[in-house]
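K.L.:
Starting off with a structure, shown below.
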Amino acid sequence: MLLIILSFLQHSIRGIAGDPAQIAAVKNYIVSGMWVLIPCIITAGITGNLMVPGVKGGVIGSKKKRMPFIAVNGLFVLLPSAVYLNYLASEGQLDTVFYTVQGVELLAGFINLSLMFLNIRDGFRIVRARSRHQS
């Protein structure tokens, strides 16, 4: 999941200065990849909640508090931005609107990526703490 997101960001950043056909191909790749990414994120959220139901505090609570923001940002900023950018790029409309939406998408993507890295870090903390208690 994280590799998909990193790939989307990398291609978006590298494609910003590309020719219109290359930009359109990158935007199409990203929208197509959403069919893989969205189920992965949903599955991760559901399994995480099922593993620790009712836990609201500590490191697990912090992870759980980040997940709704990641989901809302993804659903209401990143997904619509990706679809709209794909549309604009396919129409050859690489204008101020395109680059403004691209900037918003990149910012929202970096925010989600940062939150996901924090969740990964906290996951490693949980694993380390459990392994210490089992020793």
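We did not get these values from a lab; they are worked out from the coordinates using the rules stated. In this text, all values refer to a predicted model and were calculated from it rather than measured experimentally. Cβ placement follows ideal geometry from the backbone for every residue including glycine, while neighbour counts extend to all protein chains displayed.
K.L.:
List the DSSP H helices in the chain whose Cα atoms stretch 20 Å or more along the helix axis and whose mean Kyte-Doolittle hydropathy is at least 0.5. Intermediate values should be presented prior to the final figure.
P.N.:
Details: long enough: 20-51 (45 Å, 1.17); 58-73 (23 Å, 0.06); 96-134 (57 Å, 0.35).
What comes out of the filter, once short or polar helices are dropped, is 20-51.
K.L.:
Also, I was wondering about something else. Sort 83-89, 124-130 by packing, meaning the average of other beta carbons within 10 Å per residue, with the highest value first. Display every interim value, and only then the final one.
P.N.:
Working: 83-89: 19.3, 124-130: 11.7.
Averaged packing, sorted descending, gives the order 83-89, 124-130.
K.L.:
In addition: Filter the trypsin sites (Lys or Arg not before Pro) in segment 1-81 down to the DSSP loop ones having no more than 14 other Cβ atoms within 10 Å, then list what survives. Write down the numbers at each step before the final one.
P.N.:
Values: sites: Arg14, Lys27, Lys56, Lys63, Lys64, Lys65, Arg66; in loops: Lys56.
Here the sparse-neighbourhood loop sites are Lys56.
K.L.:
If I take all pairs of Cα atoms in the chain, what percentage of them are more than 25 Å from each other?
P.N.:
On the way: 3118 of 9045 pairs.
Percentage above 25 Å: 34.
K.L.:
A follow-up question, please. Suppose R0 equals 41 Å; then what is the FRET efficiency for Arg14 and His133 from their Cβ-Cβ distance, rounded to the nearest 0.05?
P.N.:
Values: r = 45 Å, r/R0 = 1.09.
Given R0 = 41 Å and the Cβ-Cβ separation, E is 0.40.
K.L.:
Hey, rough spin-label estimate for Thr47 and Val59, points 7 angstrom out along Cα→Cβ, what's it come to in nanometres?
P.N.:
Label at Thr47, label at Val59, 1.9 nm between them.
K.L.:
Also, I was wondering about something else. Along its three principal axes, how long is segment 76-131 when you only count alpha carbons? Whole Å, largest extent first please.
P.N.:
Between the extreme Cα coordinates on each principal axis of segment 76-131 lie 54, 16, 15 Å.
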